Every structure is written in structure tokens, then in C-alpha cells.
Amino acid sequence: MSSAAVEFVGAAFKPVGRLRTWKAVAYLVIGFAIGIGELVFLVTGLALGFSLSIVIVGIPLLIAVATASRALGGMDRTLANVLLDADIQAPPAHRHAGGPWLQRLRAVMTAPSTWRSLGWLALRFPLALISFVIPASMLTLAVALVIEPAAGGLGDAGALPRIAAVASAVAVFFLSLNVVDAFGALHRVTARALLGPSRSDELQRLQADTARLGARADLARDLHDSVGHSVTAIVLQASAARRVQETDPAFVSGALEAIESQGREALDELDRVLAVLRDEPSSPRPSAGLGDVDELVARTRGAGLPLTLERRGDFATVPAAIGREAFRVLQEALTNVLRHASGASTTAVLATYGTELELVVENGPGTPLAPERSNGGRGLRGMAERIGAVGGTLEHGPDGSGGYRLRAVFTLGRS
């Protein structure tokens with residue numbers, strides 16, 4: 001026997017030992033019974049609903065039929081997922097508004113998922129009937145081919161015809177299992193098309209997921225920048241206060257006030273972020289911008305960093321979105337100086353040149369607040385993401401004299 005023939009025979013016999021085939025058998029048997037019930041429900045419900053709609057009584061019935069079709073579709077979707085491994089996701093839930101019956105009927109009947117569920121129910125019985133009758137007929141034929149010779153149906157025929165009949169029965173049996181596989185695949189494809197999300201549903205879901213992931217990434221950057229800056233300043237102020245607690249009570253008192261203030265701000269920011277992550281309502285908080293730079297500089301100086309701020313140009317024309325990102329970049333840059341070069345003389349320059357806003361932060365040598373972490377670098381990545389999102393550029397690196405220089409350029413015309 002050739003290798004092609006061996007492969008063909010192997011493929012034909014393969015369904016016998018495959019769980020998916022026997023699950024499809026169970027699905028076709030159960031589905032045939034369910035299909036009869038769904039057909040009776042659909043025909044009876046729609047006929048009564050349309051015939052009684054003349055006297056308004058049928059309108060609630062039509063709404064009930066349309067709503068029930070979605071529930072029946074959900075049951076069939078579960079059955080297909082369990083027995084056919086269809087992996088069909090439920091379409092978005094449809095909520096109809098309250099009001100007069102006619103408005104509710106219109107809302108239900110104009111929902112695409114309602115018509116797709118009704119289409120499934122309309123196809124369910126003929127599809128189930130064909131899928132059940134053809135394999136059942138083939139199995140009946142296979143049984144007859146085995147029983148007929150045993151019952152003497154071949155008369156005085158020799159052994160060869162009897163062997164041929166049994167061989168034919170076996171072949172028809174295995175062929176019927178392959179037919180079951182094919183009908184199972186047909187049901188799976190049809191159910192996915194009519195009971196799962198439509199392409200527009202999938203597109204909307206992808207857009208919603210993308211928007212949600214983008215919002216979470218923005219929250220992560222905001223949390224890193226704002227809370228990270230506050231916590232770094234708190235650590236530095238607490239450390240300085242501990243060193244002079246016996247000799248400079250006034251400084252300690254001021255440091256504790258600053259720690260309390262920044263701690264409250266950090267808690268407020270954490271509450272806001274957690275509310276968004278949990279989809280809880282939260283009061284909107286104004287986004288920080290260039291108008292908050294003086295307060296940021298004052299807090300940073302209070303943490304013990306010798307900081308000089310220079311402004312050049314007109315900032316009235318800077319769009320709010322650019323100002324917000326520039327503020328966050330400055331905040332993160334100063335946080336990095338506090339962490340990695342505490343006590344270093346630092347200069348921050350904000351300048352506008354035509355259609356560009358430039359931010360430069362330079363610092364001299366300083367003392368690291370803590371050893372470098374293996375998972376560091378999020379701040380620089382976050383700055384690059386912020387600046388890239390508004391069409392800007394970022395340059396950073398050692399300045400050659402033991403210090404560090406960061407330069408960010410924002411294009412004002414892209415906002």
C-alpha cells in the first residue's frame with residue numbers, strides 16, 4: 001500500500017479516537033432536540049406577536065420573543081463552547097430604555113444582536129435537522145450492512161460478500177464520523193458568525209481596550225512622576241530633619257510641615273489613581289501645568305536641592321497639553337536629581353523660541369540618595385513617552401564634568 005493510501009486511511013480512522021468528534025456527536029443530538037423547541041417557540045411567538053400587535057397586546061409579546069431570542073442564543077453559544085470548542089465571546093449587552101411599548105419594541109428590534117440571534121434561531125432547526133439526519137442515516141446503513149448478512153439476507157452467498165458487507169459497514173461508520181466532524185465545523189462557524197460579537201463590536205471593543213490601556217499608561221506615568229517626586233522629597237526632608245533635630249528645631253518644624261503637605265498630596269493622587277483603576281467615580285483634579293512650576297521649585301528647594309530657575313520668552317502661547325507634559329518632565333528630572341545627585345547645584349531653564357518650548361535641567365556632582373535599583377529607568381522612559389506623544393525630542397546624558405544634562409524640546413504647533 002502506498003504512503004498516500006496509508007495517510008488517507010489514517011485520516012479516515014482518526015475521528016474515532018478524537019474527543020472532539022464524540023463531543024460533536026453529543027452536540028448534534030442535543031442540538032437537534034433543542035432546535036425543535038426553538039423552532040416551535042420562534043414560529044409561535046412571532047405569529048402570535050404580529051397577529052395581536054393590531055390590538056397592541058402583541059407588542060409586549062414581540063419584545064419578549066426578541067429578548068428571549070438573545071437568551072436562547074446565549075444558551076446555544078454556551079453549548080457550542082462546551083461541545084464544539086467554539087470559543088465564542090458574548091456580544092455587548094443591549095440595554096433598552098424604558099418608556100412606551102412601541103419605543104421599547106423599536107429599541108430591541110433595532111439592536112443588531114437581536115436580529116443576529118433571530119437569524120440563528122431561524123437557521124437552527126434546518127441546520128440541526130440536516131446535521132442529525134445525514135449522519136444518523138449513515139449509521140443506520142452501517143448497522144444494516146452488519147445485521148443483514150447475519151440475518152441471512154445474503155442467502156447462500158459465500159464468505160466474500162459477507163466480508164464485503166461488513167467492510168462496507170465499517171467504512172460507512174468511519175465516514176459518518178468524518179461527516180459529524182464536518183457538520184460540527186459548520187455549526188461552529190455559523191454560531192461564531194451569528195452568536196458572537198460582530199466586526200463592529202470587535203472594533204469597538206478593541207478601541208475601548210486601547211483607550212483603557214492608554215489611560216492606564218498615562219496614570220502610571222502620572223503616579224510615577226507626582227507620587228515619586230513627593231516621596232523622594234519626603235525622604236530627603238526627613239533625613240535632613242533627623243540630622244538637625246537637636247540643633248535646629250525651627251528647620252525640623254518646617255520640614256515636618258512640608259512632609260505632611262506632600263504626604264497628603266501623594267495620598268490624594270493615589271486615591272485618584274485607584275478610583276480610576278477600579279472604575280469608581282472620582283472628582284476631577286486640575287492637571288498641573290507651567291503655572292505650577294514655582295510651587296514645584298519651592299518644594300524641591302525645601303527638600304534641600306540648590307535649584308535655580310530661569311524663564312526666557314513668552315509662555316502665554318504654550319498650549320495646555322504641552323505645558324502639562326513639560327511640567328511632568330521637569331518634575332521627573334528634578335526627582336532624578338534628588339535621587340541620584342542629592343545636594344548638587346542645579347539649574348532649570350524654560351524658554352520659548354518661535355514654535356518651540358525648550359526645557360533644560362543641568363546639575364553638578366552630588367550624592368546618590370540610595371543605591372541604584374536593577375529595575376530603574378522608568379522615569380526616563382516615561383519622559384520619552386510623554387515627549388514623543390506630543391512630537392518632541394529628548395536628549396540626556398552625563399555632561400563630562402561629573403554632572404548630568406537633560407534637554408527636552410516641544411513643538412508648539414503639534415498640540
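The values are calculated or read from the model by the stated rules, or taken from the named source; none is laboratory data. Keep in mind it's a predicted model, so treat the numbers as computed, not measured. Backbone-built Cβ (ideal geometry, glycine too); neighbour counts: all protein chains shown. SASA here: full protein model, heavy atoms, side chains in, ligands and nucleic acids out. Shrake-Rupley method; radii C 1.70, N 1.55, O 1.52, S 1.80 Å.
Skipping prolines and chain starts, which residues have an amide H placed within reach, meaning under 5 Å, of the one on residue 356, given they are 5 or more residues away or on another chain?
412
For region 311-365, with every protein chain kept in place, what is the accessible area per residue (1.4 Å probe, Å²)?
36
Quick one: net charge of residue 301's neighbours, Cβ under 12 Å, K/R +1, D/E -1?
Here the count lands on -1.
Put 138, 75 in order of accessible area, largest first, 1.4 Å probe: what do you get?
Output order, biggest surface exposure first: 75, 138.
How much accessible surface area, in Å² rounded to 10, belongs to the heavy atoms of residue 253 with a 1.4 Å probe?
Looks like 60 Å² after rounding.
Would you kindly derive the ³J(HN,Hα) couplings of region 244-257 from the backbone phi angles with the Karplus curve 6.51 cos²θ - 1.76 cosθ + 1.60 (θ = phi - 60°), listing them in order in whole Hz, with x for Gly and Pro?
10, 4, 8, 9, 9, x, 5, 5, 4, 4, x, 5, 5, 4
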